[in-house]
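Since the structure comes first, as structure tokens, the remarks are kept for the end.
Bear in mind these aren't lab numbers, they're just calculated from the coordinates by the rules spelled out. All values derive from a computational prediction rather than experimental measurement. Reconstructed Cβ throughout: ideal geometry from the backbone, glycine too, with neighbour counts over all protein chains shown.
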Amino acid sequence: MRPVAVPIGRWTWATLVQLLLLANTVLVLYPLVIMGLSAFKSTREIFRNPFGLPARFQLDNFLRVWEGTNFPLYLRNSLVVTTGSVLVILTLGTMAAYALARYEFRGNELLYLFFLSGLMLPLRLAVIPLFIELKALQLINSHLGLVCIYGAGGLPSAVFILTGFFRSLPRDLDNAARIDGASEAQILFRVILPLVRPALVIVGIYNLVPVWNDFFFPLVFIQDDRLKTLPQGMTVFMGQYSTEWAVLFVGLTLAALPVIALYVVLSRQFIAGLTAGALK
Amino acid sequence: MVRHLPVLAPPAAGGFRLSRRGNRALWLAMLLVPPALFFTVFVAYPIASALVYSFYGWVGVRRTTFVGLANFQRLLGQQPFQGWTINAFWHNVIVFVILLIIQDGLALLLAILLARNPRGTRFYQAVFFLPVTLSLVIVGFQWKLFLNPIFGIVNKLLRVAGLGALAQPWLGQAETALLALILVNAWRWLGFPTMVFLAGIRAIPEEYFEAARLDGANEWQVVRHVTWPLLAPAVTIIVILTFIGSFNWFELPYVMAGVDGPPNRSTDVLGLYFYRTAFGEISAGLQEFGLGSALAVLMFSVILTVSIVWTRILRRREVELA
């Protein structure tokens, strides 16, 4: 019988709040739904009936894109580059953060600030020196070159987030292990790492999404079509099929799908991970 | 850099202790040298080089002679560079101001609504944040198709709603192109400030709200006198991040408009201008590493100076409001 007791004023407030939130939900989802539905239509149908359901859910467009274009190749390249970069960031970031957070030595603070200086400076503004350097190292037109840039560029945030986590673990943990005769490496791998797994997930997502989505560095460093990443491949694609909207919408939908699928499963980690830099 | 003496050495007997010390120095070196070296080669050294390069003349990718501030003088005082620089810079400022009002303002409203924990909060949070995870290239192309004057759904929706008079070639005319790009950016990013504001509001102790309500404050007064002042740290961060994002703008104008900032450079921003100067313009065939480096240094300086000064000012405001 509760609802009777609720004053009208509060009820209208709740409705108003719901209406506003629903309006924004539509604003966010509607364009994505239209994009997804258009992928099943023919170009003609998209022009004639952009809003309705497709007459029939045809998969011809998907087959055309998957078999007739370099799309699978772009996808694979993005997977290689992103996986490599995130692994480099997690490995090197953990090493540096662990040493900085758990050991006292001369220059510790200075080294920490050295890594953190990268937080304030957008790396893409250093693209000219990077271009010259990578050319000298013969890393132009190479996935390894991209992995190096992303790997190093992701270190400041990784060191920042992970050092905070490592510092929050009690000192007694490693001291106790040391007294038990564990080596320094054993302490890191057996005692500390299992405890910071959530932080590693945060750092991983914090870097995974921007690296997966990055367009700028591939644009500058990759010219060979067979080596292009997904966002970069999309521009090739959009140029090639500019009038065939059915194909374009399939491309866009397929390109958006991996991230959306992962997001549906891990949305809380995504939100925590991607806002990690803005929240202390 | 790695001449460190571990202080944390455990109390142990003579010779054993020495070797343990040596081991630990080696262990620290193993941990620190690879990341430090990697970071130096691919971040620190390139950033430092960008500054040095801006003082040199360039022929293609070859550095020639020291020219002092000549590159900067050309960018800021010599036509046509001066006009391009001012035009692009001005557009970045417009992008920042409009995003601050529309994107961050709307985000604040949504965060305040979500903080009341209405039914479905978790669902709304997940939905609002979704576009933030999508590639700007995908978002840009998607909206480019939607904004197509003839076949795009934006104009079609306007016609269906009886607002056909408002239908126009959004990206094709100088008056609307930049605004259209800004709105697409807001669509993509809205969830980010929303979640940061929401986390900020949730960090405010519940008693403050209760106390205000007990004192008879209405919804608006609670927001104005409790939420807003105590949200100051989140506001600081969002203002700074919006500023940095606006001055790094590149993907959306590149994908939706083009590398020359069409139509008629009405969507040109510093990011595009920098890319064109460094790696070549389709139309003009200009490619100059000296000018490009100088432009990068200018952008570095603006972003860094404004971020630091504003952080100071906004932090002071946090203290005053708290």
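First check a/c for chain A, with a ≥ b ≥ c the square roots of the eigenvalues of its C-alpha gyration tensor; if it is under 1.5, answer rounded, and if not, answer prolate when a/b is larger than b/c or oblate otherwise.
Here chain A falls in the oblate category.
Give or take rounding to whole Å, what are the principal axis extents of the alpha carbon atoms in region B:102-162, in descending order?
Largest first, region B:102-162 extends 42, 31, 21 Å along its Cα principal axes.
Kindly state, to the nearest 0.05, the FRET efficiency for B:Arg202 paired with A:Val201, given R0 = 22 Å and r defined as their beta-carbon distance.
For B:Arg202 and A:Val201, the calculated efficiency is 0.55.
Once you place label points 7 Å from the Cα toward the Cβ at B:Leu214 and A:Ser242, how far apart are they in nm?
6.7 nm
Between B:Val97 and A:Leu16, what FRET efficiency comes out of the Förster formula 1/(1 + (r/R0)^6) with R0 = 22 Å and r the beta carbon distance, rounded to 0.05? Please list the in-between numbers first.
Details: r = 29 Å, r/R0 = 1.32.
Efficiency at R0 = 22 Å is approximately 0.15.
Karplus couplings for region A:31-36 from phi (6.51 cos²θ - 1.76 cosθ + 1.60, θ = phi - 60°), rounded to Hz, Gly and Pro as x?
Running phi through 6.51 cos²θ - 1.76 cosθ + 1.60 with θ = phi - 60° gives x, 6, 5, 4, 4, x Hz.
Quote the FRET efficiency, to the nearest 0.05, computed for A:Ala185 versus A:Leu73 with a Förster distance R0 of 56 Å and r equal to the Cβ-Cβ distance. Let's see the in-between values first.
On the way: r = 40 Å, r/R0 = 0.71.
For R0 = 56 Å, the calculated efficiency reads 0.90.
Give me the one-decimal nm value for the distance between modelled label points at B:Val52 and B:Val309, 7 Å along each residue's Cα-to-Cβ direction.
Here the answer is 3.0 nm between the modelled labels.
So for the pair B:Ile244, A:Asn141, with labels modelled 7 Å out along Cα→Cβ, what separation do we get in nm?
Placing both labels 7 Å along Cα→Cβ, they lie 3.5 nm apart.
So what J values fall out for region B:42-48 if you push phi through Karplus, 6.51 cos²θ - 1.76 cosθ + 1.60 with θ = phi - 60°, rounded to Hz, Gly and Pro as x?
9, 10, 5, 5, x, 5, 5
What share of Cα pairs, in percent, lie more than 31 angstrom apart in chain B?
The proportion of pairs with Cα distances above 31 Å equals 52 percent.
Need the full-extension length gain, B:Ala126 to B:Gln168, defined as separation in residues times 0.36 nm minus the C-alpha distance. One decimal, nm.
11.8 nm
Along each of the three principal axes of the Cα atoms of the protein assembly as shown, give the extent in whole Å, ordering the values from largest to smallest.
Principal-axis extents of the protein assembly as shown (Cα, largest first): 89, 78, 52 Å.
Around B:Tyr56, which amide H atoms from residues at least 5 apart in sequence, or from another chain, sit under 5 Å from its own amide H, with H modelled in the peptide plane?
For B:Tyr56, whose amide H was placed from the backbone, the distant partners under 5 Å are B:Val67.
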